[in-house]
Amino acid sequence: MNPLPSDQLLEQLQWRYATKQFDSSKKISAKDWTALEDALALTPSSFGLQPWKFLVITNADLRQKLQTASWGQAQVTDCSQHVVFAIRTDVDAAFVSANMELTASLRGVPVESLDGFKNVVLNFLPRINTIEWATRQAYIALGNLMTSAAMIGVDTCPMEGIDAAKYDEILGLAPKNLKTVVACSVGYRAESDKYSSAKKVRFPKSALFEHH
């Protein structure tokens, strides 16, 4: 493993911003997009349950409909890939069991050896609002995508300004036990986007951190 130097990490995070204008003529290479999908798949989640699905939208007609459901934001149609973060609405005992079976298979252990962990998860889920919980997990994935993209010089624009219910309707998500949470346009900034050179505004670290 070759860790990324800390100065390079900060350089890329200073470079990234919420892109307002994408260059529609520039597309992400297949190699880089595969890497970003792999990064998304590696996103950590509570108990490792991964209560999500990532819908990668490239179809022009679909993107036009989603743009209408995104308050007309041009990023949806001008980016290279538009990613919809949907959560599972069926996180139940069967879902947990499937996860345990996958874990046992990949780690080469008897599924029965995971019964203790499985019971912890099954006792946890009834105590929470699983939709709210899954939504928070989806935002971990969103942050991971944005940071991973910045590391390889790809731009992103996270979008909460969308009609999630309309997204669900357009993409036919309800029958699939899925629900839209947030979206993110991914691609390359246009040279005309004035925000790309705007100074990043952040509170000073003294206002953000406490050390005890």
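The values are calculated or read from the model by the stated rules, or taken from the named source; none is laboratory data. Keep in mind the model is a prediction, meaning the values are calculated, not measured. Cβ placement follows ideal geometry from the backbone for every residue including glycine, while neighbour counts extend to all protein chains displayed.
Quick look at the numbers
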| item | result |
| --- | --- |
| Region 117-167, residues that are in contact (Cβ under 8 Å) with a residue 40 or more places away in the chain, acidic (D, E) and within 13 Å of V181 (Cα to Cα) | D163 |
| A150 touching a helix residue (DSSP H, G or I) at 6+ places or on another chain (Cβ under 7 Å) and either hydrophobic (A, V, I, L, M, F, W, C) or part of a loop (DSSP other than H, G, I, E, B) (or both) | yes |
| Enumeration of residues in region 1-51 that are outside any helix (DSSP H, G or I) and either farther than 23 Å from M159 by Cβ or basic (K, R) (or both) | M1, N2, P3, L4, P5, R16, K20, K26, K27, S29, L49 |
| Restricting region 19-67 to residues that are of a type in the set (S, T, Y) and farther than 22 Å from I87 by Cα, the residue that is farthest from the chain's Cα centre (by Cα) | S25 |
| So A30, is it without any contact (Cβ under 8 Å) to a residue 40 or more places away in the chain and in contact with a helix residue (DSSP H, G or I) (Cβ under 8 Å, 6 or more places away or on another chain) | no |
| Scope region 177-200; condition more than 22 Å from F22 (Cβ to Cβ) and in a loop (DSSP other than H, G, I, E, B); matching residues | N177 |
| Considering residues of region 52-85 that are assigned to a loop (DSSP other than H, G, I, E, B) and either at pLDDT below 95 or of a type in the set (A, V, I, L, M) (or both) only, the residue nearest to L122 (Cα to Cα) | A69 |
| Residue satisfying all of: in region 178-198; of a type in the set (S, T, N, Q) and under 22 Å from L36 (Cβ atoms); surrounded by the fewest Cβ atoms within 10 Å (Cβ to Cβ) among these | S196 |
| Single condition M1 does not satisfy, out of (1) at pLDDT 95 or above; (2) out of contact with any Lys or Arg (no Cβ under 7 Å at 6 or more places or on another chain) | (1) |
| Considering residues of region 86-144 that are in a helix (DSSP H, G or I) and among the basic types (K, R) only, the residue nearest to E37 (Cα to Cα) | R136 |
| Those residues of region 60-116 which are surrounded by 12 or more Cβ atoms within 10 Å (Cβ to Cβ), of a type in the set (A, V, I, L, M, F, W, C) and touching a residue at least 60 places away in the same chain (Cβ under 8 Å), in sequence order | L62, L66, A69, V76, C79, V83, V84, F85, A86, I87 |
